[in-house]
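> Questions regarding the structure given below will be posed in turn.
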Amino acid sequence: MAPCTFAGVGYLARVTEVDAETAVTPPPRRSLVRTAELGPLARTADDWAKVLGPLGGRPFHGKQVFRWIHARSVLDPSQMTDLPASLRQSLQTLGLAETLTIASERRSTDATRKLLVKMHDGSTVETVLIPRLPRLGQSKLPSPLDDGADDADDTDEEEDEANETVHVTQCISTQVGCAMGCVFCASGVAGLKRQMTADEIVAQVIVGRSRLEPNEQLRNVVLMGMGEPLHNYDATVRALKLLTHPDGIALSSRRITVSTSGLVPEIERLGKDFAGNIGLAISLHATDNETRSKLMPINRKYPLEVLMAALRAYPLPKRRRITIEYTLVAGRNDSTAEAKKLVTLLRGLPVKVNLIPMNPIEASTLGPPDWNGVFAFQKIVVDAGYSCFIRRQRGDDVSAACGQLALSGKWAGAKAKVRVDRS
Ligand code: SF4
C-alpha cells in the first residue's frame, strides 16, 4: 500500500468514488500470506554459511558475504576481496546481481530520483530516492516532506545540516500491483500481479544506496511504493529484519515506516513481531465509513472503529507516533467540518497527521483544495493539539508516485477493476 501514503508525492492516478457493490473485494486471508522463496539477497549470514559450505567455504565466510551485500551494496563477487578466489568464482554462479536490475532512472528538478527496477520475470516496480529539502525558515506552512522521523531527531538533523550531509528517504515497493483496489491509486487500478520476494524488496535498498551521491546518506526507508506491505506479510517482515540487521544496512527500526491501508490482523502481528518499534502509517483519507469504503474497499472489511481499536492497541514506544495520511480532495473531504470529525476520530491516539493536497490528474475532474482551504484544515488539527504537516509534492515531473511509472509502461492499458465516476 503503499502506498498509500505516497499519494503525497503524486501517486494519485484517479480519485473517484465507487459503489460498495462494485468495489474490489480484497482477497481472502489465505492469499495474504504467501511464503516467499529465499533468494540470495534474503539470506542471513548463517544462511550463506550453509550455502557456501558445499562450495568449500568456511563458516565465517557467510558473514563476510552478508556484509559485502548488505553493508556495502556489493553484488559483484569479484569485488569481495577478502574471500578466497575459488569462492568468489563459485559465487559468480549464484546470480547475486540478478535479483533486479535498474531499467531506468528519472531525476526530478527537486533531486528526487525514481528508479524503475525490473525483476527476473520482467515485472517492474518503482523505488524512489527522496533527498530531504532544506527547512523553510521557521514556518511550518507548507511543511517539509514528513519522512517518518521522530521529533527527537531534530538535533541530529541540525548537526548533519551543518555537515552538509543530505539525508535521503527511500520509498520501496512490496508487491507488483496491489489487490486493495483503492480508487485513487494507479496500483489499485492495475490489480495485484504477484507478491514480491524478500530479496526483491531488500534489493531495492541495496541498489538504491549504490545510487546515492557522495554527500547523501540513506536515513529512512518507507514502505509506501507499489503494493500493500502487510498483504505480503512474511516477505515484508523478513525484509525488515534484513534492513535492520546490525551487520548489514543496520537501519534503526525507528527509521522505517510501514504504510498500510488498514489490514487490522497484520497491524496487530507487526506490533507483536517488532514490539511496536517499526513506524506505522495509516492511509486514512476519510473520517466516516461510508466515504472511506467508497475510496478504499478494505474499509468494508475493517471499518474505522475496528481500525482505530487496532491503532490504540499498537504497542508504540514512548514518544513515538503513528502517522495518519489524509489526502485532501476539494469538495469531498476537505471541509472544516471534516477536519473536526478527523480530530474527534483521532482523539487520544498518539498520532501526527500528514495532509496531502490531491495531485490533479487528467482522469478526474477532482482536485486539491486551494491553499486557504488546506491551511484552514491544518489549523483545526493543530489547534486540537496534533502535529500536522502538509506534504510537499516531490518528483511530480518524474511521476514519482505509487504505481505511476510502472503504469506508464507495460500496464498503461490496464483496465480499472472499479467503476469510475468522472462526474
Ligand atoms: S491500492 Fe494498494 S498501493 Fe494503492 S493506495 Fe491502496 S493499498 Fe496502497
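> Most exposed first by the Cβ proxy, i.e. fewest other Cβ within 10 Å, how do Lys318, Lys193, Lys114 rank?
Lys318, Lys193, Lys114
> Give me the three principal axis extents of the range 63-114 from the C-alpha atoms, as integers in angstrom, largest value leading.
45, 19, 14
> So if I place +1 on the C-beta of Lys and Arg and -1 on the C-beta of Asp and Glu, and nothing else carries charge, what would the dipole magnitude of the range 40-97 be about its Cα centre? I want it in debye, nearest 20. Before the final figure, lay out each step's value.
Values: 7 positive and 4 negative charges, 17 e Å.
Charge dipole, the range 40-97, about its Cα centre: 80 debye, nearest 20.
> If you place +1 on the Cβ of every Lys and Arg and -1 on the Cβ of every Asp and Glu, how big does the dipole about the Cα centre of the range 236-276 come out, in debye to the nearest 20?
Values: 6 positive and 4 negative charges, 15 e Å.
Value, rounded to 20: 80 debye.
> Amide H of Ile322: which non-local residues (sequence gap of 5 or more, or other chain) have their own amide H closer than 5 Å, using H built in the peptide plane?
Residues meeting the criterion, in which the H sits 1.01 Å from N, are Val351, Lys352.
> Apply the Karplus parameterisation 6.51 cos²θ - 1.76 cosθ + 1.60, with θ equal to phi minus 60°, to every residue of the range 334-339 and state each ³J(HN,Hα) to the nearest whole Hz, in sequence, with x for glycine and proline.
Couplings: 10, 6, 5, 5, 5, 4 Hz.
> Oh, and also: Quote the relative contact order of the range 40-97 in percent (integer), defining contacts as alpha-carbon pairs under 8 Å separated by 6+ residues. Mind showing how you got there, number by number?
Details: 64 pairs, mean separation 18.2, N = 58.
Across the range 40-97, relative contact order equals 31 percent.
> Right, another one. Would you mind pulling out the separation of the Cα centroids of the range 266-334 and the range 200-232, in Å?
Using only Cα atoms to place each centre, the spacing works out to 22 Å.
> Right, something else. Tabulate in residue order the Karplus-calculated ³J(HN,Hα) for the range 262-270, using 6.51 cos²θ - 1.76 cosθ + 1.60 with θ = phi - 60°, rounded to whole Hz; enter x for Gly and Pro.
Here the 3J(HN,Hα) series is x, 7, 4, x, 6, 4, 5, 5, 4 Hz.
> Under 5 Å between amide hydrogens, which residues at least 5 positions from Phe184 or on another chain qualify, with H placed 1.01 Å from N in the peptide plane?
Distant-sequence amide H within range of Phe184: Thr16.
> Using 0.36 nm times the number of residues separating Ala85 and Asp247, minus their current alpha carbon distance, what extension gain do you get? Each step should come with its number before you reach the end.
Numbers: separation 162, 0.36 × 162 = 58.32 nm, distance 2.29 nm.
Additional length available on full extension: 56.0 nm.
> Further, regarding this structure: Enumerate the calculated ³J(HN,Hα) couplings along the range 365-381 in order (Karplus 6.51 cos²θ - 1.76 cosθ + 1.60, θ = phi - 60°), each rounded to whole Hz, writing x wherever the residue is Gly or Pro.
Once θ is set to phi - 60°, the couplings for the range 365-381 become 7, 6, x, x, x, 6, 4, 4, x, 5, 5, 5, 5, 4, 4, 5, 5 Hz.
Each reported figure results from applying straightforward, stated rules to the coordinates on display, with no laboratory input. Keep in mind that this is a model prediction, so the values were computed, not measured. Positions of Cβ are backbone-derived with ideal geometry, glycine not excepted, and every protein chain shown enters the neighbour counts.
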